[in-house]
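Taking it in order: structure first as structure tokens, then the write-up.
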Amino acid sequence: MQRPTSLVLLCLAAFLVLFPLTLVKPGWPAGLKADEPAYYLMALSLAHDFDLRCDLGDLRRLFDEFPDHPTRNLILMTDDGWHTVWFGKPYLFSLLAAPLAALFGANGLVALNMALLVGMIALGSRYLERFNSGGTALLFASGFFVLSAAFAYVFWVQPEVFNMAAITVCLYLGLTEPGGDGSLRRGLPGWLGRPLWRALLSGAALSLAVYNKPMLAAMGLPVVFALARGRRLRELGAWLAGGALALAAAAGGAMAFTGHPSAYLGVARAGVKVCSPHEMPIQPLPPPPPSAAPEEAPERGSLADESRASWLWLLHLPVLDPPWLFDNARYFLWGRHTGLFLYFPFSLLALGLFLVHGRRSAVRWALAGSIAAVALFFLLWIPFNWHGGGGFVGNRYFVNVYPGLLFLVTRIAPGWIHLVGYAAGGLLLGPTIFSPMGRVVPFPTMQAHVRNFPYPLFPLELGVKGIPGYHETTLAGARFRGRQDVFLPRGPAVWVGGAASTEVWIFSPEPLPELVLRIASFAAPNQVELELAGARERLDFAAGEAEQRRQVTLEPAGPTRTLSRDGAEAFYYRLEVRAASGEVREWTQHYPPRDCFYYPYMETSVESFYAGAELTYLGTAERLERDLYALAWGRVDAPERVSAGAAFTVYTRVRNASRETWPADPPTRVNLSYHWEDAEGREVVRNGLRTVLERPVPPGARVAVEQTVEAPAEPGRYVLALDLVYEEVAWFSSRNGGDVRRLKVDVVP
């Protein structure tokens, strides 16, 4: 590497590695997230206690550094019913980070990650110098690693960057020796320049990543192919020996610490919430009763589940669903939250340069196949979770093998190609690069950057679960999903943001030929526009018309997307709602009990939302026009005398005598209710309290319900008229000839 290039890299390293040490807390929210608690506490336990057991001392260290927010997912394991508790994650990353964790806390792990990132830049630049000038190589390698989601994972105290570095070392040492494809011969001086040592260390480096994620072993195939193709059998043997020895050493270390070769073999595991530094978050299980049959197994997924091989799922053949695989592959490349080309823009450049300048290299084709195999593994084996679970930026699982794409590149030409990569990085990754720990925004999540241009232009991953930052609710048999900052479910309706364009996804197991919506504006004057697959409506609310409801029917040309799952189709419709203005609406938010300091300092809070309009989805016109009003009353038990204004219980039995199912999902659900009439038959209370039918009632089915009724405020002789109501549509009595159940009741003072 030329002296000016080395100086630039050294200056970059000095800045990047040192500035994390000045941060108060590396990450948003201001607490440990995802799998961070286990990795961080393992590093501290190794540094201070020289073991991997979880005890009260470890919990005290956790509270000393992170006292303000709950730690929700500490992964623990046991083999004796939680009498002995170890941390339940692979320990290699924590072992490497232990000295820095002892000195700098969680910031030390971030500094280690940054040092590993700089090391990858150095190795990548050194590799590219074989085909390019030093400045060109460093410019491309720096953009490749820094202008990517990998930079965000530097600030996660988890082993993603560690795995990336291990794969980078493996490929650098394994593919930069003379081979049949004319690869690089720029070994380091001394023993590290000897082919056998380089092969040995290449295999050992890959094994460090494989110990964490076994499927990463596929990244060694191009090295094996290159060595076998060049008939360098001694080096191939050294590579295999290095991998085997490193794996054996890692397993041996785990045996010494925990008695098991891996945190995924021979143990029961659980993710727990840490409530107190004075009490273990999981208690020992009582011994089984002597009469328990030995073949009786605990329920799968319970804390008593003594599952002894958490990796067995790797050996199960996946169920191939081609339409689903195609959808996920599309999301994998350019999905809004996960797309390879969005979160790793240099990957597109690397693939293009490979096809232009390196396509004749058989070894690089083998490398491309290995990268594709790892991606395909995740898409096939965990189709709901291939992106990395609830905590991720881009694709958390694929970031482990991202360095492999750099080794597809040989000549970087034309020179202006760097400008394309850096411009794409600025356009797509600005929020991630400048706020890698997360942004302070309304409803903050690690995925908040997708609210910025141009991310809304890319497809939303509709079939992927666990994407934070979205609300979802069921209305009239359809699911509604929208971004938390502009979409808020409120009872049987949803609010959309004011002065904003809100994307709402509606999905249903059946096609929706038309959608009937009831719209109310919170601001007046206001203009609300709705667009649904070619159908458009514009509602103008004049001054004084705030919260007045208007009903519209939208007839889409067809579903926006149709996704297949296990042979069944799901129909997705994209509704865009634009409200010109809005009003601040407040409500009281109630939190769960404060055990485990879920919200440490409050049980309720006053929340606000800048709401432009309220949408109530009533269903399709066909659903609203169904004749479901026939019923047959059974026995009804009610008191003959009640106190004025008091609530009392009526035991009601009724049968669905229609040919339609009574729906139980809001807002157009069937509920039990009542009216009050005076002695002369005049109606004095129209809308009685609602008693919910908990589940749909099919034709012919009977239900028995404890119905709550509130007596009139004035004493007297009354008639209680029991009735059912198809909410938002009609009372049953108005459609079936007034078939109500009348009971005489004396209301006394």
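No lab work stands behind these numbers, since they all come straight from the coordinates. Note that the coordinates shown come from a computational prediction; the quantities given were computed from them, not determined experimentally. Reconstructed Cβ throughout: ideal geometry from the backbone, glycine too, with neighbour counts over all protein chains shown.
Packing-wise, with mean Cβ within 10 Å as the measure, how do 641-651, 555-565 rank, highest first? Spell out each step's value before the answer.
Details: 641-651: 14.2, 555-565: 15.7.
Descending packing order for the listed peptides: 555-565, 641-651.
Taking only C-alpha pairs under 8 Å that are 6+ residues apart, what is the relative contact order of the range 626-748 in percent?
Once normalised by length, the contact order is 32 percent.
What are the residues whose amide H is under 5 Å from the amide H of H337, where those residues sit 5 or more places off or on another chain and H is modelled from the backbone?
Distant-sequence amide H within range of H337: E461.
Please list, ordered by chain and number, the residues whose modelled amide H lies under 5 Å from the amide H of G634; skip anything fewer than 5 residues away on the same chain.
Hits under the 5 Å cutoff: R653, V654, R655.
Taking the Cβ of D485 as the centre, find all other residues whose Cβ is under 14 Å away and add up their charges (Lys, Arg: +1; Asp, Glu: -1). The partial results should precede the final answer.
Working: positive: R439, R451, R481, R483; negative: E503, E607.
Every neighbour counted, the sum reads +2.
What percent does the relative contact order of the range 469-620 come to when contacts are Cα pairs within less than 8 Å and at least six residues apart?
Working: 386 pairs, mean separation 47.0, N = 152.
It rounds to 31 percent for the range 469-620.
I need L96, L428 ordered by Cβ neighbour count within 10 Å, fewest first. Write out the running numbers ahead of the final one.
Numbers: L96 19, L428 25.
Listed from fewest to most nearby Cβ atoms, that is L96, L428.
What lysines does K89 reach when the alpha-carbon gap must be under 20 Å and sequence neighbours fewer than 8 apart in one chain are set aside?
Candidates past the 8-residue exclusion: K33, K213, K273.
Hey, if you put +1 on the Cβ of every Lys and Arg and -1 on every Asp and Glu Cβ in the chain, which of I467, S125, L18 ends up farthest toward the positive end of that dipole?
Of the options given, the answer is S125.
In sequence order, what are the phi-derived ³J(HN,Hα) couplings for the range 544-554 according to the Karplus relation 6.51 cos²θ - 1.76 cosθ + 1.60 with θ = phi - 60°, rounded to whole Hz, with x for glycine and proline?
Once rounded to whole Hz, the list reads x, 9, 4, 6, 6, 8, 10, 9, 10, 10, 9.
For the range 317-327, in order, what is each residue's ³J(HN,Hα) by Karplus, 6.51 cos²θ - 1.76 cosθ + 1.60 with θ = phi - 60°, in whole Hz (x at glycine and Pro)?
For the range 317-327, the Karplus-derived couplings read 6, x, 8, 7, 10, x, x, 5, 4, 5, 4 Hz, x marking Gly and Pro.
For the range 388-467 and the range 65-104, what is the separation of their Cα centres, given in Å?
29 Å
First measure r as the distance between the Cβ atoms of V584 and A251, then evaluate 1/(1 + (r/R0)^6) with R0 = 60 Å and state the FRET efficiency to the nearest 0.05.
On the way: r = 59 Å, r/R0 = 0.98.
The pair V584/A251 has a calculated efficiency of 0.55.
Roughly speaking, what % of Cα-Cα pairs in the range 469-620 are separated by over 25 Å, rounded to a whole number?
So the portion of pairs separated by more than 25 Å is 33 percent.
Hey, fewest Cβ within 10 Å first, where do T588, T78, T84 land in order? Could you put the intermediate results ahead of the total?
Numbers: T588 8, T78 22, T84 14.
Listed from fewest to most nearby Cβ atoms, that is T588, T84, T78.
What percent does the relative contact order of the chain come to when contacts are Cα pairs within less than 8 Å and at least six residues apart? Walk me through the numbers before you get to the answer.
Numbers: 1512 pairs, mean separation 74.4, N = 749.
Computed over the chain, the figure is 10 percent.
With labels modelled as points extended 7 Å from the Cα through the Cβ direction, what inter-label distance (nm, one decimal) is found for A557 paired with F326?
My value for the distance between the label points is 2.0 nm.
Based on DSSP H runs of at least 4 residues, each adding -39500 (n - 2.57), what is the mean residue ellipticity at 222 nm of the chain after dividing by all its residues, to the nearest 500 deg cm²/dmol?
-10000 deg cm²/dmol
What does the convex hull of the alpha-carbon atoms of the chain project to on average, in nm²?
That works out to 40.5 nm².
Please give the Cα centre distance for the range 319-386 versus the range 528-591, rounded to the nearest Å.
35 Å
Using Cβ contacts closer than 10 Å as the measure, can you line up E129, E235 from fewest to most?
Details: E129 20, E235 26.
Listing E129, E235 from fewest to most nearby Cβ atoms yields E129, E235.
Work out from phi, with θ = phi - 60° and the Karplus expression 6.51 cos²θ - 1.76 cosθ + 1.60, the ³J(HN,Hα) of each residue of the range 436-450, listed in order in whole Hz, and give x for Gly and Pro.
Result, ordered by residue: x, 8, x, 9, 7, 9, x, 6, x, 9, 5, 9, 5, 5, 6 Hz.
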